[in-house]
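Undergrad: The structure's right below; bear with me while I get my questions together.
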Amino acid sequence: MKKNLKLGGNPGRDELILQERCANPWNGECNNTNIVLYIYFKGSKLPICRACWNKIAEMDVEWGEEFA
């Protein structure tokens with residue numbers, strides 16, 4: 001799962017913010033942080049962004065445990 005760490009927050013006091021990024025297994029270059037759901041793929045729970053989910057939903061893919 002891709003995660004980014006960045007500093008930000010209150011002026012004068014930095015805090016650590018953990019941001020999840022899309023881990024679409026069919027698009028390894030997506031870095032979107034607009035996560036809308038998670039899928040299980042090959043035993044791993046992956047965050048998926050809205051744009052990638054729209055594309056995945058249109059794919060001819062069968063879902064189920066035996067396909068993961």
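Undergrad: For residues that are touching a residue at least 24 places away in the same chain (Cβ under 8 Å) and assigned to a strand (DSSP E or B), scanning just the range 38-48, find the one that is surrounded by the most Cβ atoms within 10 Å (Cβ to Cβ).
TA: I48
Undergrad: Which of the numbered conditions does A57 fail, given that it passes all the others? Conditions: (1) under 17 Å from the mean Cα position of the chain (by Cα); (2) of a type outside the set (S, T, N, Q); (3) at pLDDT below 70.
TA: In the conditions (1) under 17 Å from the mean Cα position of the chain (by Cα); (2) of a type outside the set (S, T, N, Q); (3) at pLDDT below 70, A57 misses (3) alone.
Undergrad: Answer with yes or no whether A51 is under 8 Å from the mean Cα position of the chain (by Cα), at pLDDT 90 or above, not polar (S, T, N, Q) and not in a strand (DSSP E or B).
TA: So A51 does not fit the description; no.
The values are calculated or read from the model by the stated rules, or taken from the named source; none is laboratory data. Since the model is a prediction, treat every value here as computed from it, not as a measurement. Cβ atoms come from the backbone with ideal geometry, glycine included; neighbour counts cover every protein chain shown.
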